[in-house]
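Readers should treat all values here as calculations from the given coordinates under stated rules, not as data from a laboratory. Because the structure is predicted, anything quoted here is derived from the model rather than measured. All Cβ positions, even for glycine, are placed from backbone atoms using ideal geometry, and neighbour counts span all protein chains on display.
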Amino acid sequence: MRIFTGFCFLIFLITIGSWQYGLAQETSSSLKGKTICIDPGHGGTAATDSYRVGPAGEREEWINLRVGLELKQLLQNSGAHVVMTRKKDVRVPLSERARMAVEYQADAFVSIHHNAIADSTVNFPIVYFHGNASENRAGVKLGQLLIESISEKMYRDPTPASLASDHVIFPEAGTAVLRGTYGIPAVLVEASFFTNPAEEQRLKDSTYNRREAQAYLEALESFFAADIPPIHKTDSKVQVKPFRVFQEAERMNPAARQWKSNFVKGHRLYQKGDSLSLQKAMDFFTTSARSFPDSWLARTAHRFRAKIFEAWEKKKQQQQAETSVAEYYVPLPQNDVFLNKLIKLNSVP
Ligand SMILES: [Zn+2]
């Protein structure tokens, strides 16, 4: 009897314990009480914009909104307050989107986008932060977490990725929404490419949209579970000279299709090492970085440009290219495998 009572008491303890544990799990999300501003990119441009549309007619602004609304639900379930910059397929000015995040004192701002490029085989995630990596450390950290969770949730096989400053695509001032929210941990995310036909089909599926939203949720949860790194005043330390790049619709230009082959040609010529080859290599690296400035190879293209400037003893340009590599492109270990494979496949025997 005594053993039986003891046994019953033990079961009672386990029941209470697991009940409390379950309860604790439900309320212990690091997102509880946080205000997250979700910005589904673009909207209301079906009649005027023929660039942000996939080969089968799916529009970026529709995908962004579906993912945004899924994320809203997931965040609210975790106890977060959500501010949406738009809830419908309507046009909202960029300054208005940033203003909402500031006004509601958001703890984080995520701008949801999907990407386009003339090369339809391309599909990998890109995350942008505003300004310089050494200054916007919270943006970089949130970006790293997002690259991790998106790569895991949306890509069946290992994928290369880019974590870059928004100055890489808009050299003079960066993107309006990230510039306008600077001081709040903020990123602009292009989780995948709707110009890739298979990816466009997946993006039309609401289950896949929810999985993408889940990736955002997990990254935000990890971000708030640890200490948040500082965001220093922008341009307080480092100035990087603007590097002209293809923008928006220009990215659909046939030259953009050569981004990878131009890199490969540049690398071959660089290996030859004579002065004429170095001159040509510089042109190829520059063209690759200009036509697809946020590609997963762009950081390496700029590194080679810095090395060639060094060989030419052009100290100022070398320093400029090195600063751009250090401040605008965050190294991602997952890219090394892809880079080594590409180089090995294409090197001169
Ligand atoms: Zn977009």
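List residues of the range 26-50, by number, whose backbone nitrogen lies under 13 Å from a label position 7 Å along Cα→C-beta of K88. Inside the label zone: 44. Hey, rough spin-label estimate for D49 and R211, points 7 angstrom out along Cα→Cβ, what's it come to in nanometres? About 2.6 nm separates the two model spin labels.
Kirkwood Rh, Cα Rg: Rg to Rh for the chain?
1.06
Footprinting exposure proxy ranking of L94, L178, fewest other C-beta atoms within 10 angstrom first, gives L94, L178. Per-residue extension of 0.36 nm, minus the Cα-Cα distance of S277 and Q201, leaves a gain of 23.1 nm for this segment.
The relative contact order of the chain, computed from alpha carbon pairs under 8 Å that lie at least 6 residues apart in sequence, is 19 percent.
Relative to the longest principal axis of the Cα atoms of the chain, the long axis of helix 275-291 lies at roughly 40 degrees. Cut-off under 21 Å on the C-alpha distance; same-chain residues fewer than 8 positions from K241 excluded. Which lysines are left, in chain and number order? Cα-Cα hits under 21 Å: K233, K307, K314, K315, K316.
Report, in deg cm²/dmol and to the nearest 500, the calculated mean residue ellipticity at 222 nm for the chain, where each DSSP H run with n ≥ 4 adds -39500 (n - 2.57) and the sum is divided by the residue count.
Working: 12 runs with 176 residues, N = 349.
Per the formula, -16500 deg cm²/dmol.
Using the alpha carbons alone, the radius of gyration of the range 201-275 stands to its Kirkwood radius in an Rg to Rh ratio of 1.15. Fewest neighbouring Cβ atoms within 10 Å first, the residues W62, W296 line up as W62, W296. Relative to one another, the C-alpha centroids of the range 286-306 and the range 137-211 are positioned 19 Å apart.
Extension gain, A176 to L339, is 55.5 nm, computed as 0.36 nm per intervening residue step minus the present C-alpha separation.
Kindly express, to the nearest 10 degrees and within the range 0 to 90, the angle between helix 2-27's C-alpha long axis and the longest C-alpha principal axis of the chain. Approximately 40 degrees, to the nearest ten.
Taking 18 Å as the straight-line reach from the Cα of K341, the lysines in range (excluding those fewer than 8 positions away in the same chain) are K260, K265.
Computed from point charges on the beta carbon alone (+1 for Lys and Arg, -1 for Asp and Glu), the dipole magnitude for the chain about its Cα centre is near 600 Debye.
Kindly put E61, E248 in sequence by how many other C-beta atoms sit within 10 Å of each C-beta, fewest to most.
Ranked by crowding around the Cβ, least crowded first: E248, E61.
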